[in-house]
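J.: Please find one structure pasted underneath; my questions will follow.
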Amino acid sequence: MQFLRKKTLIVLLILATGGLALAFTAKAPVNNPPVTGEIMLPAEVQAILERACYNCHSNETKLNWFDKLPFASSVVAEHVNKGRARLNFSAWNSLSPAEQQSNYWLIYNKLAAKQMPLPDYQLLHPEAKITDNDLSVLREFLNTVTTPAEKDTAQKISGITHTNIRNFPVAPNGISYDPVYRNWQVLSTTSRYDNGTMRVMYANPIAIEAVKSGQIRPWPEGSVIAKLVFRKLRDSSGNIRPGKFINIQYMIRDSKKYAATEGWGFARFDTPELKPYGNINTDKTCISCHKLVEETGFVFDVTTK
């Protein structure tokens, strides 16, 4: 009986040894094709993406020993193949400027919402975790990025041609006019009967996601809203449509920088010449009115579902 137990133990040991040998020598079916057009970003931004995203979203996948185990390799391969198909940093130049701009914000929103990296991936790759400082670095980058398409379309603004895109007007509090809102989603439209104006509100992707999720008390850091104001015009058929451009107004969410005004910075640029309005105290003047809508995070004309 003792002999049988020893024999059984030896057989199990052999099987276990063979299984471990197979596990450690098995290769996951993940190949790294050539890099054809890698994304080129500031070093600190590039480092974040390489740490958190590249293993599934590039042709530079680096596998750990546990990624090669037979029971894990197929799952790893599926994640990598799906990730590359959705977004591949090694083929970034194959995207149009508009697609690149859209993906910048998609990346940020996925990371900020903690939807990426995938939770199960982070369990085995804790170094991929996104920190608040990482998000701050990404926001700073996104606030300055300008695609070739934007550079082209921004040459003409409300009929005014600018010879140098960098020379946009700046409000007294330091907020600059920025045509990037043209790529954003329309948040709402309103019509004021008291002064005969129509308004179109655009929101950047951070603000749009906040409205969709109902997370606007407070609004997330980096939210930006642009409101364009037009004179109402009635055409020959009796239809009401936007007429003369009056001004564009910005609200920028930065709870530290604008702590004295409920975390919002304000700016306004009047007429097609985009003349900066107000003075250094404009933020305080604006928030005194916006306090009427504290229930929507101090933003007029917005509702959540």
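J.: Mind listing whichever residues of segment 18-49 are modelled with pLDDT of 85 or more and of a type in the set (Ser, Thr, Tyr)?
T.: THR36
J.: Still on this model: How about segment 41-67: which of its residues are over 22 Å from ASN109 (Cβ atoms) and either of a type in the set (Val, Ile, Thr) or within 18 Å of the chain's Cα centre (by Cα) (or both)?
T.: THR61
A quick yes/no check of all residues on (1) closer than 17 Å to SER188 by Cα; (2) not β-branched (Val, Ile, Thr):
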residue	(1), (2)
SER255	no, yes
THR285	no, no
LYS291	no, yes
GLY297	yes, yes
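J.: Going residue by residue through segment 52-68, is there one that turns out to be closer than 26 Å to ALA207 by Cα, outside the structural domain of ASN183 (by TED's automatic domain parsing), in contact (Cβ under 8 Å) with a residue 40 or more places away in the chain and part of a loop (DSSP other than H, G, I, E, B)?
T.: Scanning segment 52-68, I find at least one residue that is closer than 26 Å to ALA207 by Cα, outside the structural domain of ASN183 (by TED's automatic domain parsing), in contact (Cβ under 8 Å) with a residue 40 or more places away in the chain and part of a loop (DSSP other than H, G, I, E, B), so the answer is yes.
J.: Out of all the residues in segment 212-249, which are assigned to a strand (DSSP E or B) and either in the same structural domain as LEU111 (by TED's automatic domain parsing) or in contact with an Asp or Glu (Cβ under 9 Å, 6 or more places away or on another chain) (or both)? Outline the logic, then answer.
T.: Kept after step one, since they are assigned to a strand (DSSP E or B), are these residues of segment 212-249: 224-234, 240-249.
Across segment 212-249, the qualifying residues are VAL224, ALA226, LYS227, ARG241, ILE246, ASN247, ILE248.
J.: Starting from residues that are at pLDDT below 70 and farther than 23 Å from GLU99 by Cα, keep the ones in segment 128-165 and report whichever is surrounded by the most Cβ atoms within 10 Å (Cβ to Cβ).
T.: Selected residue: HIS162.
J.: From ASN183, ASN247, grab the single residue that is within 19 Å of LEU106 (Cα to Cα) and not aliphatic (A, V, I, L, M).
T.: One residue alone meets the criteria, ASN183.
J.: Out of LYS256, LYS227, which single residue is buried (at least 19 other Cβ atoms within 10 Å of the Cβ), out of contact with any helix residue (DSSP H, G or I) (no Cβ under 7 Å at 6 or more places or on another chain) and under 30 Å from ASN109 (Cα atoms)?
T.: Selected residue: LYS227, the only one of LYS256, LYS227 that is buried (at least 19 other Cβ atoms within 10 Å of the Cβ), out of contact with any helix residue (DSSP H, G or I) (no Cβ under 7 Å at 6 or more places or on another chain) and under 30 Å from ASN109 (Cα atoms).
J.: Exactly one of these conditions fails for LYS284: (1) under 19 Å from MET201 (Cβ atoms); (2) at pLDDT below 95. Give me its number.
T.: (1)
J.: A further question follows. Assess whether LEU106 counts as being surrounded by 11 or more Cβ atoms within 10 Å (Cβ to Cβ), modelled with pLDDT of 80 or more, under 15 Å from the mean Cα position of the chain (by Cα) and not aromatic (Phe, Trp, Tyr).
T.: In short, no.
The values are calculated or read from the model by the stated rules, or taken from the named source; none is laboratory data. Keep in mind that this is a model prediction, so the values were computed, not measured. Virtual Cβ from ideal backbone geometry, glycine too; neighbours counted across all protein chains shown.
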